[in-house]
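K.L.:
Would you mind keeping the following structure in view while I ask a few things?
The values are calculated or read from the model by the stated rules, or taken from the named source; none is laboratory data. Given the structure is predicted, the values throughout are model-derived calculations rather than measurements. A quick note on method: Cβ atoms are made from the backbone with ideal geometry, for glycine too, and the neighbour counts reach across all protein chains shown. Protein only, heavy atoms only, side chains kept; ligands, DNA and RNA dropped before computing areas. Shrake-Rupley method; radii C 1.70, N 1.55, O 1.52, S 1.80 Å.
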Amino acid sequence: DLGNLKTTPKAGAANRKLIGDQTKRILAAGAVPIMFGGDDSTPIPFISAFAGGPSTLILQIDAHIDWRDDLRGERQGYSSTMRRASECPHVWRIVQVGMRGIGSAREAEVEFARQWGARIFTSRHVHHRGLEGVLEAIPEDSNCLITMDCDAIDISQMPAVAYPTPGGLNYTQI
């Protein structure tokens, strides 16, 4: 456990460098990096730090697809995590589960994600068809990076998120 990283408010570039450097250090030691907390900007350098290693599949468990190119000019933060991940040469597949957030992506972002090859499974899909399709989208021998936003969980079980949305995944599905 390396403890909490000392990030600084409004110092996005420095914070991303710190996250990326620490993740690379953990990977170089042969350990499995695990990151808890942060906003949509923190997974971007974490995912990028896996470059140079084996091809990576990302399993994103979230209410939102996060494929915006930018939000008010910011490309390294809110709603752009998976778009940035898709630009990493080591990321070969993105499987997204639990999506349902209204306003998290416009039609263009959903179409871009699908054209890139993202496998999108809405929470409704999981409720009606189970997890079999999701599991089939993840080859058994994959190097899998898992990212989970707690807003993927239904608000009846996880009400304390920034954008609570009904219809989410339940504890057992997660």
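Here is a yes/no grid of residues against (1) out of contact with any helix residue (DSSP H, G or I) (no Cβ under 6 Å at 6 or more places or on another chain); (2) under 22 Å from I44 (Cα atoms):
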position: R93; (1), (2): yes, yes
position: G117; (1), (2): yes, yes
position: V126; (1), (2): yes, no
position: G130; (1), (2): yes, no
position: D151; (1), (2): yes, yes
position: V161; (1), (2): no, yes
position: T165; (1), (2): yes, no
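K.L.:
Report yes if R124 is open to solvent by 80 Å² or more (accessible area, probe 1.4 Å), among the charged types (D, E, K, R) and closer than 25 Å to C88 by Cα, otherwise no.
P.N.:
Numbers: open to solvent by 80 Å² or more (accessible area, probe 1.4 Å): yes; among the charged types (D, E, K, R): yes; closer than 25 Å to C88 by Cα: no.
Considered against the rule, which asks whether it is open to solvent by 80 Å² or more (accessible area, probe 1.4 Å), among the charged types (D, E, K, R) and closer than 25 Å to C88 by Cα, R124 comes out as no.
Every residue, every condition in (1) open to solvent by less than 30 Å² (accessible area, probe 1.4 Å); (2) at pLDDT below 95; (3) of a type in the set (S, T, Y), yes or no:
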| residue | (1), (2), (3) |
| --- | --- |
| A63 | yes, yes, no |
| L71 | no, yes, no |
| M82 | yes, no, no |
| A85 | yes, no, no |
| P89 | no, no, no |
| Q96 | yes, no, no |
| G103 | no, yes, no |
| E107 | no, yes, no |
| H128 | no, no, no |
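K.L.:
Looking at W67, is it open to solvent by less than 30 Å² (accessible area, probe 1.4 Å) and among the aromatic types (F, W, Y)?
P.N.:
Working: open to solvent by less than 30 Å² (accessible area, probe 1.4 Å): yes; among the aromatic types (F, W, Y): yes.
It is true that W67 is open to solvent by less than 30 Å² (accessible area, probe 1.4 Å) and among the aromatic types (F, W, Y).
K.L.:
May I pose another question? Hey, among S41, S55, which residue is of a type in the set (G, A, S), exposed (fewer than 15 other Cβ atoms within 10 Å of the Cβ) and touching a Phe, Trp or Tyr at 6+ places or on another chain (Cβ under 9 Å)? Write out each step before concluding.
P.N.:
Working: S41 fails: exposed (fewer than 15 other Cβ atoms within 10 Å of the Cβ).
That would be S55, the only listed residue that is of a type in the set (G, A, S), exposed (fewer than 15 other Cβ atoms within 10 Å of the Cβ) and touching a Phe, Trp or Tyr at 6+ places or on another chain (Cβ under 9 Å).
K.L.:
Return only the number of the condition from (1) farther than 27 Å from T23 by Cβ; (2) outside any helix (DSSP H, G or I); (3) among the β-branched types (V, I, T); (4) open to solvent by 30 Å² or more (accessible area, probe 1.4 Å) that I138 does not satisfy.
P.N.:
Failed condition: (1).
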